[in-house]
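Down below is the structure, laid out as structure tokens.
The values are calculated or read from the model by the stated rules, or taken from the named source; none is laboratory data. These numbers come from a predicted model, not from an experiment. Positions of Cβ are backbone-derived with ideal geometry, glycine not excepted, and every protein chain shown enters the neighbour counts.
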């Protein structure tokens, strides 16, 4: 009887894991689609900002970092925008649809712009990590 219960539990876990990976794939595809449509907006906003001196200072700072630390720095914009995305979910749960959508889209535009800016500065350093290089190439091929 214990075997049947354990087997059923394992089968249930496998289903949950499969649905988890399907959800991750759907989120990735949504993010890629969103980037394709919001990138011109983010580029226009970034073009209006005087970022050349800042970009040079960040590039000089990144040169001294190891590739692994650069990866942590890439995650900073994601972490800083998480509260705004949670606020969008809170607004959505309270049926404030317009506020939720505007908060989420604003956070996505800023987040994508920041991530693109940081990746532009740190891309060469990050691609020195063999696993990051392999994952990056796989994702680019999969997305295409």
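The set of residues from segment 74-103 being crowded, with 18+ Cβ neighbours inside 10 Å and modelled with pLDDT of 80 or more comprises 81, 88, 91, 100, 103.
Scanning segment 46-69 for residues that are in a loop (DSSP other than H, G, I, E, B) and either over 26 Å from residue 108 (Cβ atoms) or out of contact with any helix residue (DSSP H, G or I) (no Cβ under 8 Å at 6 or more places or on another chain) (or both) yields 49, 50, 64, 65, 66. Residues in segment 72-107 that are assigned to a helix (DSSP H, G or I) and either at positive phi or touching a helix residue (DSSP H, G or I) at 6+ places or on another chain (Cβ under 6 Å) (or both): how many? Summing the residues that are assigned to a helix (DSSP H, G or I) and either at positive phi or touching a helix residue (DSSP H, G or I) at 6+ places or on another chain (Cβ under 6 Å) (or both) in segment 72-107 gives 14.
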